[in-house]
């Protein structure tokens with residue numbers, strides 16, 4: 001492998017280690033944009049940084065909710081206690097339908 005190929009290989013390896021960000025456009029209301037900008041300013045971060053953090057937190061929260069839902073379903077399937085089954089059914093209904 002010559003010097004240029006070695007540099008290209010190292011660059012490719014570095015690119016694979018950390019994915020480059022991709023830009024997206026998301027329509028928001030004027031009121032929402034104002035709130036985003038106020039929060040970003042209070043936190044001392046850019047609008048993009050705040051939106052990225054909010055998306056990450058939202059994805060993590062959604063994943064946790066799915067895991068909690070799956071755990072309740074598992075417990076409902078395994079229980080032999082009718083009172084616990086009713087309680088778990090009610091909790092599942094609340095989680096799903098609000």
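Computed values, structure above
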{"item": "Condition broken by residue 56, with the remaining ones in (1) more than 18 Å from the chain's Cα centre (by Cα); (2) in a helix (DSSP H, G or I); (3) surrounded by fewer than 11 Cβ atoms within 10 Å (Cβ to Cβ) satisfied", "result": "(1)"}
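Yes/no matrix, rows are residues, columns are (1) without any contact (Cβ under 8 Å) to a residue 12 or more places away in the chain; (2) in contact with a helix residue (DSSP H, G or I) (Cβ under 9 Å, 6 or more places away or on another chain); (3) over 20 Å from residue 97 (Cα atoms):
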site	(1), (2), (3)
29	yes, no, yes
37	yes, yes, yes
40	yes, yes, yes
46	yes, yes, yes
49	yes, yes, yes
60	yes, no, yes
63	yes, no, no
74	yes, no, no
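None of the figures in this text is laboratory data; all of them are computed from the coordinates on show. Source: prediction; values computed, not measured. Glycine gets a Cβ as well: all are built from the backbone with ideal geometry, and neighbour counts include every protein chain shown.
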